[in-house]
Structures are given as C-alpha cells and as structure tokens.
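Here is the structure we will look at.
The values are calculated or read from the model by the stated rules, or taken from the named source; none is laboratory data. Here the structure is a predicted model, which is why all the values come from computation and not from measurement. Positions of Cβ are generated from backbone atoms using ideal geometry, with glycine treated the same way; all protein chains shown enter the neighbour counts. Heavy atoms of the whole protein, side chains included, go into the accessibility calculation; ligands, DNA and RNA do not. Shrake-Rupley method; radii C 1.70, N 1.55, O 1.52, S 1.80 Å.
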Amino acid sequence: MLIDGTWTANWHPVQAKDSEGRFVRQTSSFRNWITPDGSPGPTGTGGFKAEAGRYHLYVALICPWASRTLIARSLNGLTDLIPVTVLEPFLTDEGWRFGDFPGASRDPLMGARHLHEIYTRAAPSYTGRATVPVLWDKARGTIVNNESADILRMFDTAFAGLAPSAYALYPQGRASEIDALNAWLYDTLNNGVYKAGFATSQRAYEEAVTAVFDALSRLEARLSDGRAFLFGDRLTESDIRLFVTTVRFDAAYHGLFKTNLSRIADHPHLQRHLDRMLRIPEVAATVNMTHIKTGYYSIKALNPSGIVPLGPMPDPARLAAE
C-alpha cells in the first residue's frame with residue numbers, strides 16, 4: 001500500500017481485520033461527483049462538469065466493483081464520451097499493473113506502470129490502497145472518484161444531456177427500495193464472498209458463508225415468481241450489483257473463496273437472471289472470464305501455486321447471440 005505517497009509493502013488481499021478475524025474493506029477516499037453543470041454532488045467538491053472526452057476510466061476486468069461502472073458506462077451510451085483503460089488481471093507485489101496481457105493496455109495518459117502512480121499524481125502524500133475503478137479528470141489532473149457505487153450512479157445521470165439513454169438504472173420511484181436492497185446485497189453477498197474468502201478465523205469464515213448462502217436463497221425466492229429482474233421487468237442498478245457477483249461465483253468464489261455449499265448453477269432462478277444479463281450485449285461486452293479467473297487465482301495468499309482451473313468457462317458471446 002501507499003504511505004505518505006510511497007509504496008511500502010507488497011500487495012496483500014486482507015486490507016484490515018477485526019479482533020475476530022473478519023475482513024474489513026477500505027473505504028474510498030475520492031468522492032467528488034461529475035454533474036451536468038459542475039455543481040457539487042452528494043459528496044466532495046464541485047467543478048466536475050459533464051463533458052465529452054474530459055474523463056478517463058481505469059478498471060480491471062477481474063474486479064466486480066470496476067465492472068459495474070463499465071456496465072453503466074456501456075448501458076448509458078458513454079463509451080465514446082469516456083475512454084477506458086484496462087489494467088492487467090494479475091495482483092502484483094505493487095498492486096494493479098498496466099501492461100500487455102491480452103485485453104489489457106498501457107497507461108495512455110501518464111505512462112504509469114502501476115495504478116498507485118495514478119493515485120500519487122492526484123495526491124502526492126496519499127496513504128491507502130490503490131483500488132479500481134478510478135475516474136480521472138484530464139482537465140484538472142486529478143481523481144474525481146474511486147467509489148464504484150458513486151460512479152455507477154453518476155454515469156446514469158450526469159451525462160443525460162450529452163448521451164440520452166433508454167436506461168434509467170436508478171428510477172426515483174424506486175429509489176428507497178433500491179437503496180435498501182443495495183445495502184443488503186453489498187453486506188451479505190457482494191462483499192460477503194470477500195469476507196468469506198479473506199477471513200482469518202473459522203468463526204469469521206462460517207459467519208460470512210452462512211450469510212452468503214442465506215442471501216442466495218432469498219434472491220432465488222425473490223426471482224421465483226417469473227420476474228425478469230429484481231424489481232420486475234425493468235433493469236436497475238441492483239441487477240448490476242447482483243450480476244457482477246454471480247458471474248464470478250462459480251468460476252472463482254466457489255473454489256478460491258471456499259463459498260462452496262452450492263453453485264449459482266444449482267439455483268435455477270439466479271442462473272436465469274445471470275443468463276438474461278449476459279444476453280444484453282452491452283453487459284456481455286464487459287465480461288472477460290480469462291481476466292476473472294487469471295486474476296483471482298493469481299492471489300498468492302489464497303493460491304500460492306498460481307494454477308488456474310480449466311473450468312467453468314461460460315461463453316458470454318454465445319449467450320448474447322441466442
């Protein structure tokens with residue numbers, strides 16, 4: 001991680017833990033918002049007006065948090081307005097790295113070798129982990145935001161005047177319901193799989209795994225009435241939050257994170273939701289199973305041999321074409 005702007009220790013997946021061995025995730029540090037007119041958003045300061053070509057998104061395709069910003073960018077028609085750079089999937093000793101792994105690229109803006117260099121460009125004395133996604137402002141030379149929940153939502157609203165979209169991922173009539181479901185999804189499932197995989201005590205692991213599978217059972221029941229999405233026939237950001245975990249579950253979390261009481265494939269309604277999401281071309285285009293599997297199984301603390309399992313390997317392109 002970075003301490004006062006200097007990289008000081010090899011990357012490790014456990015960001016912090018409590019006295020019971022529970023995994024504790026770092027909170028995001030950059031919380032400014034892009035808005036239509038540059039006025040301040042819910043957090044941070046103003047001065048970040050929605051403009052074509054001004055902003056740049058850094059992501060890793062392994063990461064579910066980064067992937068949900070990619071999905072929002074694609075669904076809301078922002079691919080031409082906001083360029084993206086994909087980091088390599090490996091978790092190196094210096095964290096996320098730019099490079100030539102298929103599907104990744106070099107840093108086109110500053111020639112950085114590692115993502116932490118982007119953080120110290122924005123804040124020379126930054127202390128903390130260098131995480132994805134990162135939304136960079138080329139005009140001001142700083143990070144706008146590194147919280148995926150914020151970026152997902154601003155992509156849904158801030159650029160509507162420049163790129164009208166058929167999607168409204170956070171409809172105001174459902175706002176309170178979406179907020180409540182999102183909070184529960186995050187705690188029990190999105191972050192729950194990490195709390196299981198990075199637990200450092202048996203008690204913490206079993207507590208997290210129980211919550212994960214209780215959540216999957218509740219979601220299976222919710223979808224059992226034939227609804228297409230979590231709130232009926234309309235895709236919302238809650239579906240994106242669910243999808244980025246379920247698409248990684250059988251390929252990575254089930255084995256590597258020991259969340260192995262069952263697979264998504266064993267939950268027919270969750271599997272149908274997953275397949276339905278993959279049949280949306282803008283969603284399928286953000287999924288790279290080679291990056292996902294290579295990235296997760298490169299975590300030395302969990303898989304010191306570095307061996308990547310051959311399966312499962314779903315084909316998003318095939319599903320999207322059906």
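Quick look at the numbers
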read-out	value
Rg over Rh, two decimals, the stretch 167-257 (C-alpha only, Kirkwood Rh)	1.01
Largest to smallest principal axis extent of the C-alpha atoms in the stretch 202-305, angstrom	43, 32, 21
Carbon/sulfur fraction of accessible area - the chain, other protein chains in place, 1.4 Å, %	52
Cα lying deepest toward the dipole's positive end in the chain, options 40, 249, 265, charges on Cβ	249
Chain lengthening between residue 266 and residue 109 when straightened (0.36 nm per residue, less Cα-Cα)	52.1 nm
Rg to Rh quotient for the chain, alpha carbon positions, Kirkwood Rh	0.94
Convex hull (Cα only) mean projected area of the stretch 54-165, reported in nm² to one decimal	6.8
Residue-normalised accessible area of the stretch 56-128, given per residue in Å² at a 1.4 Å probe	34
MRE, 222 nm, helices only [DSSP H, n ≥ 4, -39500 (n - 2.57), over the chain, to nearest 500]	-10000 deg cm²/dmol
Per-residue SASA entry for residue 293, accessible area with 1.4 Å probe, Å² rounded to 10	10
Area of residue 241 that stays accessible when all protein chains are in place (1.4 Å probe, Å², to 10)	20
Accessible-area order (highest first, 1.4 angstrom probe) of the listed residues 206, 220	206, 220
Charged-residue dipole, Cβ positions (Lys, Arg, Asp, Glu), the stretch 130-268 about Cα centre, Debye nearest 20	240
Total formal charge among the other residues, if their Cβ is under 13 angstrom from that of residue 293, Lys/Arg +1 and Asp/Glu -1	0
Inter-label distance for residue 177 and residue 80, nm, one decimal - labels placed 7 Å from Cα along Cα-to-Cβ	3.5
Scaled radius of gyration (Cα, divided by 2.2 N^0.38 Å) that the stretch 135-289 gives	1.12
Kirkwood hydrodynamic radius (C-alpha pairs) into Stokes-Einstein, the stretch 120-187, 10 °C and 1.306 mPa s, D in µm²/s	111
Residue with peak Gaussian network fluctuation, the chain [Cα springs, cutoff 10 Å], from 245, 79, 131	79
Share of pairwise Cα separations in the stretch 99-146, more than 14 Å, in percent	53
Förster-model FRET efficiency, 45 Å R0, residue 43 and residue 228, C-beta, rounded to 0.05	0.85
The stretch 183-243: relative contact order in percent, alpha carbon pairs under 8 Å with at least 6 residues between	30
Using a Förster distance of 22 Å, the FRET efficiency for residue 6-residue 300 (Cβ separation, nearest 0.05)	0.50
Cβ charges +1 (Lys, Arg) and -1 (Asp, Glu), total dipole of the chain, debye	200
Computed label-point distance, nm, for sites residue 162 and residue 214 using a 7 Å Cα→Cβ extension	4.4
